[in-house]
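Comments concern the structure below.
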Amino acid sequence: MDHDTRLKRLRFRAWHRGTKEADLMIGGFFDAHGEHLTPAELDWFEALLEQQDVDIMAWAIGSQPCPPEWDGPVMARMRTLTYVPLPR
């Protein structure tokens, strides 16, 4: 699959998680960082999408410890939460 098609598929999966909160966190992250992820980081993100939304969100906000296989530079970027739009 070519790179652009892969990004489109990942963007769709990131934005269609099942809850608005997960969509905003995971989809917002992908919109902000997806095009700048390396192929290895895209592999990591694609595997992350197989995890439960509640787990991904808990690891990103720090309410649960992040397992070592998911803790790394991309999760650190997810933890900034600067990509989640907040209504004003």
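The values are calculated or read from the model by the stated rules, or taken from the named source; none is laboratory data. Note that the coordinates shown come from a computational prediction; the quantities given were computed from them, not determined experimentally. Here the Cβ positions follow ideal geometry from the backbone for every residue, glycine too, while neighbour counts run over all protein chains shown.
One table, with the values for the structure above:
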read-out: First in the stretch 11-37 and under 14 Å from Leu49 (Cα atoms), second anywhere and modelled with pLDDT of 95 or more and of a type in the set (Phe, Trp, Tyr), Cβ under 7 Å, 6 or more apart; value: Arg11/Phe30; Ala14/Phe30; Asp23/Trp15; Gly27/Trp15
read-out: Residue, nearest to Phe30 (Cα to Cα), within the stretch 55-88, restricted to residues that are of a type in the set (D, E, K, R) and surrounded by 12 or more Cβ atoms within 10 Å (Cβ to Cβ); value: Arg77
read-out: Index of the failed condition, Gly34 passing every other in (1) surrounded by 14 or more Cβ atoms within 10 Å (Cβ to Cβ); (2) in a loop (DSSP other than H, G, I, E, B); value: (2)
read-out: Number of the exception - Val84 against (1) in contact with a helix residue (DSSP H, G or I) (Cβ under 9 Å, 6 or more places away or on another chain); (2) in a helix (DSSP H, G or I); value: (2)
